[in-house]
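Asker: Below you'll find the structure I mean.
The values are calculated or read from the model by the stated rules, or taken from the named source; none is laboratory data. Everything numeric here is computed off the predicted structure, so don't read it as measured data. Please note: Cβ atoms are built from the backbone with ideal geometry, for glycine as well, and neighbour counts cover all protein chains shown. Protein only, heavy atoms only, side chains kept; ligands, DNA and RNA dropped before computing areas. Shrake-Rupley method; radii C 1.70, N 1.55, O 1.52, S 1.80 Å.
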Amino acid sequence: MKKKLTYLLPLLVAVPLVGKAQRRDRQGNYLARTEVIGGDTVMVVDLAPVYKFRRPIDARRYERLIRNVKLVYPIAVEAHRRLQAMEDEMLTFATPREQREYMKRMEQEIKREYEPVLRRMTLSQGKILIKLIDRETSNTSYELVRELRGGFRAVFWQGIARLFGANLKDAYDPDGDDRMIEQIIILYEAGVI
């Protein structure tokens, strides 16, 4: 009897796990799956990383950082996509005047679309956006403004940013100060958070 129970117990434990393996995440991927490793079938479960903080305020700051990155990252990706499209379109114009007119139209269109979103952003979200634009485009926000709208406007907007404690020349450093933001982006793209 004891021998039968020994063989039955692992089966009873495995059956509920197989049922849970059919759950999917937001992207439709299975949370648990089976893989054959060396002739054995092994259940693999993808887990989100768990961070432990010494102080509760650090955990709240991390949660706020996650929320801010999830809000701002899609805007930075869209900025990169639009910048690529604008650069491709600018190559088709014959004269600098046509390019300037196109840039003014695009600036007005972007203002109309994103100004309400940007006005609702907090200062910390704006700082993260500046860094993520650098991450996506490989140019700081200051360099982009200087290239697209001229040096005077770049200096003007840098002055405004400095008044509010931001810096358009901030570069993204995934191995240094922005290591945690990079980890959050990787988890966000993977659909884990």
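Asker: Once the other residues with Cβ under 13 Å from the Cβ of residue 51 are scored (Lys, Arg +1; Asp, Glu -1), what is the net sum?
Answerer: On the way: positive: 52, 54, 55, 60, 61, 179; negative: 58, 63.
Its environment carries a net charge of +4.
Asker: May I ask you to compute the full-extension gain from residue 152 to residue 88, defined as 0.36 nm times their residue separation minus their alpha-carbon distance, rounded to one decimal in nm?
Answerer: Stretched out fully, the residue 152 to residue 88 stretch lengthens by 20.6 nm.
Asker: Okay, moving on. Give the calculated FRET efficiency between residue 67 and residue 139 to the nearest 0.05, with a Förster radius of 25 Å applied to their Cβ-Cβ distance.
Answerer: Given R0 = 25 Å and the Cβ-Cβ separation, E is 0.40.
Asker: For the range 64-193, which whole-number percentage of the solvent-accessible area (1.4 Å probe, protein heavy atoms only) is attributable to carbon and sulfur atoms? Can you show the working numbers first?
Answerer: Numbers: 4460 of 8170 Å².
Carbon-and-sulfur percentage of accessible area, whole number: 55.
Asker: Loop only per DSSP, at most 12 neighbouring Cβ atoms within 10 Å: give me the trypsin sites (Lys or Arg not before Pro) in the range 94-181, ordered by residue number.
Answerer: Loop-located and lightly packed - 120.
Asker: So how far, in whole Å, is the C-alpha centre of the range 36-68 from the one of the range 80-144?
Answerer: 34 Å
Asker: Among 96, 59, 83, whose Cα sits farthest toward the positive end of the charge dipole of the range 52-98 (+1 at Cβ of Lys/Arg, -1 at Cβ of Asp/Glu, about the Cα centre)?
Answerer: Of the options given, the answer is 59.
Asker: Which length gain, in nm to one decimal place, applies between residue 122 and residue 190 when the Cα-Cα distance is subtracted from 0.36 nm times their residue separation?
Answerer: 21.9 nm
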